[in-house]
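K.L.:
Encoded as structure tokens, here's the structure I'll be asking about.
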Amino acid sequence: MDIGSFVMESDGVRWASDFGMQDYESLESKGIQLFGRTQDAQRWSVFRLNNFVHNTLAVNNQLQRVKGYAGIERYSDKPGFTYALSDLSTIYENQLAAIKRGVAIVDGKYVTVQDELTAGDSSTTVRWTMLTPAEVSLSGNTAILRKNGKELQLRVASPAGVKLRTWSTEPATDYDAPNPGTTLVGFEVQLRANEKAVFNVMLIPQGAEDKTKTTQRLEQWK
């Protein structure tokens, strides 16, 4: 359950990471049924296998929908604006009315991750997270990530007023593998029924801070 997730590297450091698989024997020896594919399958209780610890969204603390599908709707390999865009709406069926995600490398300098979403018929809590092996320092809508003598700035350009936070990656079960040296960084936003929102997050390596610019709506990405 990692639809919409991404990894990101700059200056020889992987800032946005992915745990990868846990050894199956370590799980099956504890009685975990790994090969179910239904929505309520025990597989999705494994810490590393669900959307809560990937670089994507969780809505109302629910799992993504296993019957959903999200292909690449549009992309470009142009050097000035390299991007991929997906419609994730069926992945969050009955959680959001609509959701699209675009991830772009801008001018070869920094990355922008943009989500355009519409809440359903009730109030909704949306959590945006990114897994990182870096040390994280928070200040309002900005986080400074440090690793191997390098820095990366994670800045939430939209929505306004967001305060970043972190979550532990320590598992709560005896069958999940430990995840030392990692942190989840991100934010939560409360949406009213049928409210539309744009999440725009920039991942900015050292030296590129003054080169960022406002990103257009996804329909204008070309």
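The values are calculated or read from the model by the stated rules, or taken from the named source; none is laboratory data. Note that the structure is predicted; figures quoted are calculated from it, not measured. No Cβ is skipped: glycine too gets one built from the backbone with ideal geometry, and neighbour counts run over all protein chains shown. With ligands, DNA and RNA removed, areas are computed over all heavy atoms of the protein, side chains included. Shrake-Rupley method; radii C 1.70, N 1.55, O 1.52, S 1.80 Å.
K.L.:
What shape does region 1-89 take by its C-alpha gyration tensor, where a ≥ b ≥ c are the square roots of the eigenvalues and a/c under 1.5 counts as rounded, a/b above b/c as prolate, and the rest as oblate?
P.N.:
In terms of gyration-tensor shape, oblate.
K.L.:
Further, regarding this structure: Could you check which residue among MET202, MET21, MET130 shows the biggest mean-square fluctuation in a GNM of the chain with a 10 Å Cα cutoff?
P.N.:
Answer for the Gaussian network model of the chain: MET21.
K.L.:
I'd like to compare 4-10, 192-198: which one has the highest average count of other Cβ atoms within 10 Å, and what's the full order after that?
P.N.:
Ranked by mean Cβ neighbours within 10 Å, highest first: 4-10, 192-198.
K.L.:
Net charge near SER139, counting Lys/Arg +1 and Asp/Glu -1 over other residues with Cβ under 15 Å of its Cβ?
P.N.:
That sum, taken over residues with Cβ under 15 Å, equals +1.
K.L.:
Structure shown: which of LYS100/LYS211; LYS163/LYS196; LYS78/LYS213; LYS78/LYS109; LYS78/LYS150 lie over 22 Å apart, alpha-carbon to alpha-carbon?
P.N.:
Result: LYS100/LYS211; LYS78/LYS150 exceed 22 Å.
K.L.:
Please identify, among ILE204, ILE32, ILE99, the residue showing maximal mean-square fluctuation in a Gaussian network model of the chain using a 10 angstrom Cα cutoff.
P.N.:
ILE32
K.L.:
Nearest 500 deg cm²/dmol is fine: what mean residue ellipticity at 222 nm does the chain get from its DSSP H runs of n ≥ 4 alone, each adding -39,500 (n - 2.57), divided by its residue count?
P.N.:
Taking each H run of at least 4 residues, the total per residue is -500 deg cm²/dmol.
K.L.:
Ok, one more. Taking a cut-off of 18 Å between Cα atoms, list the aspartates and glutamates near LYS147, but don't count ones fewer than 8 places away on the same chain.
P.N.:
GLU9, ASP11, ASP18, GLU135, GLU209
K.L.:
Taking a spot 7 Å from the Cα of ASN60 along the direction of its beta carbon, which residues of region 101-125 have an amide N less than 17 Å from it?
P.N.:
Counting only backbone N, you get 117-125.
K.L.:
Using 7 Å Cα-to-Cβ label points, what is the ASP23/ILE72 separation (nm, one decimal)?
P.N.:
Those two pseudo-labels are separated by 3.5 nm.
K.L.:
Here's something else I'd like to know. With a 1.4 Å probe and all protein chains left in place, how much accessible area per residue does region 136-222 have, in Å²?
P.N.:
56 Å²
K.L.:
With an 8 Å Cα cut-off and a minimum separation of 6 or more residues, compute the relative contact order for region 22-89 in percent.
P.N.:
Once normalised by length, the contact order is 18 percent.
K.L.:
Considering only protein heavy atoms, what per residue accessible area in square angstrom results for region 14-78 with a 1.4 angstrom probe?
P.N.:
With the other protein chains kept in place, region 14-78 gives 56 Å² per residue.
K.L.:
Using Cα pairs under 8 angstrom and six or more residues apart, how large is the relative contact order of the chain, in percent?
P.N.:
Contact order relative to length: 20 percent.
K.L.:
Relative contact order (percent) for region 107-161, with alpha-carbon contacts under 8 angstrom and 6 or more residues of separation?
P.N.:
So the answer I get is 19 percent.
K.L.:
In addition: Taking a quarter of the surface of the Cα convex hull of region 177-217, what do you get in nm²?
P.N.:
Taking the Cα atoms of region 177-217, their convex hull projects to 5.9 nm² on average.
K.L.:
Further question: Mind listing the Cα extents of region 130-218 along all three principal axes, in Å, largest one first?
P.N.:
Principal-axis extents of region 130-218 (Cα, largest first): 44, 40, 23 Å.
K.L.:
I'd like the distance between the alpha-carbon centres of region 131-146 and region 93-118, rounded to an integer number of Å.
P.N.:
20 Å
K.L.:
Tell me the carbon and sulfur percent of the accessible area for the chain, rounded to whole percent, probe radius 1.4 Å.
P.N.:
47 percent
K.L.:
Still on this structure, please answer the following. Would you please state the base-10 log of I(q)/I(0) at q = 0.08 1/Å for the chain, with intensities from the Debye formula using one equal scatterer on every alpha carbon?
P.N.:
-0.29
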